[in-house]
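Presented below is the structure to which this report refers.
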Amino acid sequence: MDNPVRRIVIVSDYGDVRGGLEKVAIESALGLRAAGMDVVFFCGVAPVDPRLEKTGVKVVCLGLTDIASNPSRVNAMRTGLWNPAAAQRLNEVVRDTNDLSGAVVHVHGWTKSLSRAIGPVVTAQDLRHVFTMHEYFFACPNGGFFDYQKNTICRRVAMSRDCILTNCDSRHASHKAFRVLRQAVQKNIGKLPRNVRNVIRISALQNEVMRPYFKDETRFFHVPNPAVS
């Protein structure tokens, strides 16, 4: 039997609520802390919800700028593809314990600031992990299986030739090209979703659409989204 969980590192691009993803991450951190767990909230972009530290959650915020807000497009592209500093700091945080067997890393978001570089850190064989799948970035370059140019659902196989050659981006074809490159880095260097062992899905539709992109042995758990407006 696995050792009981005593320490949880929650990972999010943002430290405050920007949408449902961040709300779930923050509320879960607060709930786990209230239940007596040792909780670390690891995020890329400030500000940080003040409730976290007030309730005893340890906060590690890297003070990053997300891709969209970075004034340097070159730096935004470089760190958007791979942010080794973020990965190194996360590795230090998750391993800052005398009992790694009692720790779990729970990833909610990584695409806006932390980058695919955290993949090998989180999925290391000696570390327990779970990803909550809030969208479709594990497979789809634009994260939504949606063709914004035609305003319709996209049914192409993610990263297939048809997918790569189709401009479905909401902005420009060059942005789609960057997204494809980023997805290739995620798949081939970040080993996501190849090395993911545990996934929380929030709907049956997610299971139907995304299951083919994961290994057969990846475990899926259905947890309905608790976030409310």
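The values are calculated or read from the model by the stated rules, or taken from the named source; none is laboratory data. Small disclaimer: the values here were computed from a predicted structure and weren't measured. Don't worry about glycine lacking a Cβ; one is built from the backbone with ideal geometry, like all the others, and counts go over all protein chains shown. SASA here: full protein model, heavy atoms, side chains in, ligands and nucleic acids out. Shrake-Rupley method; radii C 1.70, N 1.55, O 1.52, S 1.80 Å.
With a 1.4 Å probe and every protein chain left in place, work out the accessible area per residue of the chain in Å², rounded to a whole number. Intermediate results must be reported in sequence, preceding the final value.
Working: 11360 Å² over 229 residues.
Counting only protein heavy atoms, the per-residue value for the chain is 50 Å².
Can you show me the helix-derived [θ] at 222 nm for the chain, built from DSSP H runs with n ≥ 4 at -39,500 (n - 2.57) apiece and divided by the number of residues, rounded to the nearest 500.
Only helices count here, giving -9000 deg cm²/dmol.
Considering the alpha-carbon set of the stretch 8-90 alone, what are its Rg and its Dmax in angstrom?
Using the Cα atoms of the stretch 8-90, the pair Rg, Dmax is 13.5, 44 Å.
Which pairs break 31 Å Cα to Cα here: 176/215; 54/191; 58/215?
54/191; 58/215
Which Cα, out of 104, 28, 151, lies furthest along the positive dipole direction of the chain (beta carbon charges, K/R +1, D/E -1)?
In the chain, that residue is 151.
Just to be sure I understand the model, the point goes 7 Å from the Cα along the line to the Cβ. What's the resulting residue 18 to residue 166 distance in nm?
According to this spin-label approximation, the distance is 2.6 nm.
Pop out the ³J(HN,Hα) list for the stretch 179-193 in order, Karplus 6.51 cos²θ - 1.76 cosθ + 1.60 with θ = phi - 60°, rounded to Hz; leave Gly and Pro as x.
Per-residue couplings from phi come out as 4, 5, 4, 4, 5, 5, 5, 4, 6, 8, 10, x, 6, 10, x Hz.
From the protein chains alone at 1.4 Å, what is the descending order of accessible area for 58, 23, largest first? Mind showing how you got there, number by number?
Working: 58 105, 23 55 Å².
Sorted by accessible area, descending: 58, 23.
Quick one: work out Rg over Rh on the C-alpha atoms of the stretch 94-229, Rh as Kirkwood radius.
When Rh is taken as the Kirkwood radius, the ratio is 0.99.
Rounded, prolate or oblate: which fits the stretch 53-98 when a ≥ b ≥ c are the square roots of the eigenvalues of the alpha-carbon gyration tensor, with rounded for a/c under 1.5 and prolate only if a/b beats b/c?
oblate
If you count, for each residue, the other Cβ atoms within 10 Å and average over each peptide, how do 138-148, 67-77 line up from highest to lowest?
Order by mean packing, descending: 138-148, 67-77.
Stretched out fully, how many nm does the piece from residue 35 to residue 153 gain, at 0.36 nm a residue minus the Cα gap?
38.4 nm
Determine the shape class of the stretch 140-210: with a ≥ b ≥ c the square roots of the Cα gyration tensor eigenvalues, call it rounded for a/c under 1.5, and otherwise prolate if a/b is greater than b/c, oblate otherwise. List each step's numbers first, then the result.
Numbers: a/c = 2.29, a/b = 1.27, b/c = 1.80.
Cα axes put the stretch 140-210 in the oblate bin.
Of the residues 96, 38, 66, which exhibits the maximal mean-square fluctuation in a Gaussian network model of the chain defined by a 10 Å Cα contact cut-off?
96
Compute the signed sum of charges (Lys and Arg +1, Asp and Glu -1) over the other residues within less than 12 Å, Cβ to Cβ, of residue 36. All intermediate terms of the calculation are to be shown ahead of the outcome.
Details: positive: 6, 7, 33; negative: 38.
Every neighbour counted, the sum reads +2.
In terms of solvent-accessible area of protein heavy atoms at a 1.4 angstrom probe, what is the ranking of 210, 37, highest value first?
Reading off the accessible areas and sorting them downward yields 37, 210.
Identify which of 130, 157, 105 has the largest mean-square fluctuation in a Gaussian network model of the chain, with springs joining Cα atoms closer than 10 Å.
157
Could you tell me what percent of the accessible area of the chain is made up of carbon and sulfur, with a 1.4 Å probe and every protein chain present?
For the chain, the apolar C and S fraction of the accessible surface comes to 55 percent.
Please report the antiparallel percentage of DSSP beta bridges with both residues in the chain, rounded to the nearest 5.
5
Using θ = phi - 60° and the Karplus relation 6.51 cos²θ - 1.76 cosθ + 1.60, list the HN-Hα couplings for the stretch 106-119 in order, rounded to whole Hz, with x at every Gly or Pro.
Result, ordered by residue: 10, 9, 9, x, 8, 7, 9, 8, 6, 6, 5, 4, 6, x Hz.
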